[in-house]
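What follows is a set of notes on a single structure, which appears directly below.
The values are calculated or read from the model by the stated rules, or taken from the named source; none is laboratory data. Predicted, not measured: the structure shown is a model, and the values here were computed from it. For neighbour counting, all protein chains shown are included, and Cβ atoms are generated from backbone atoms with ideal geometry for every residue, glycine included. When the accessible area is computed, the model is the full protein with side chains, heavy atoms only, and any ligands, DNA or RNA have been set aside. Shrake-Rupley method; radii C 1.70, N 1.55, O 1.52, S 1.80 Å.
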Amino acid sequence: MMIDWGLPLGLQRDCLEAFGLYVDEAKIAAGIPRIMPAETLRQKIDIYSREGIFTFPGGLFTELALAQGNFEVFLGEAAAAGFKGIEVSDNLLRIDPKKKKAVIAKAVNDFGMQVMGEVGRKEGGMTDEALIADVENCLEAGASLVLLEAHELFHGEIRTDAIEALAQRVGLERIMFELPVAVLPDVTKAYKTKVLFWLQQKGLLDGDV
């Protein structure tokens, strides 16, 4: 999976020509789809679609819609823009597990959306049990894939116990590990490379770069 921070269309095409073979999904980050001209957004989604790449808006956009009470409006406009799915996260907005489950189910069942559930917060801090329960909650609600926030697992020491427990309880077939990004505090390129090597050694390298 790649994150699109508003790539111009020409650069997007060049990137896909260079490495599109290795991209299955593209997340258009944060609220960028809202400020991008509608025609440009549709062209961007179409470019990804022609390459067989599933495209969805980042979870912070969903959180904003929920905070504003506009979730159904958001789903309708996302579909109209050409998105086939969304991400449901609670990075910044605290969402009760029952509500998170209902939000995912509504997108899947009422709007025919494919949902990427995200578990974890930008500052980290979830217990192993809470993290696993959130993953199970997303999958039970109908999420097709669960993305694990990097800061929950890869902030300082790698949380090997949590990953092993997750593998035993849930399995890893519908889990994607996000790599830490250098824009977050204490994340260096050297640390990101360390995490990358660890994931590769464990056979888990199938995530968000």
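Here are a few things to note about the model shown:
- For the stretch 152-191, a residue qualifies if it is within 19 Å of Ala130 (Cβ to Cβ), β-branched (Val, Ile, Thr) and open to solvent by 70 Å² or more (accessible area, probe 1.4 Å), but none of them does.
- Pick from the stretch 54-89, criterion without any contact (Cβ under 8 Å) to a residue 12 or more places away in the chain and surrounded by 14 or more Cβ atoms within 10 Å (Cβ to Cβ), ranking: farthest from Arg42 (Cα to Cα): Ala65
- Of all the listed residues (Glu129, Glu77, Glu123, Glu118), the sole one being among the acidic types (Asp, Glu) and closer than 23 Å to Pro37 by Cα is Glu77.
- The number of residues in the stretch 90-142 that are under 13 Å from Thr62 (Cα atoms), open to solvent by less than 60 Å² (accessible area, probe 1.4 Å), in contact with a Lys or Arg (Cβ under 9 Å, 6 or more places away or on another chain) and at pLDDT below 95 comes to 2.
- Residue satisfying condition, being β-branched (Val, Ile, Thr), modelled with pLDDT under 95 and open to solvent by 90 Å² or more (accessible area, probe 1.4 Å), within set Ile3, Ile35: Ile35
- Any hit, the stretch 23-46, residues being basic (Lys, Arg) and within 14 Å of the chain's Cα centre (by Cα): yes
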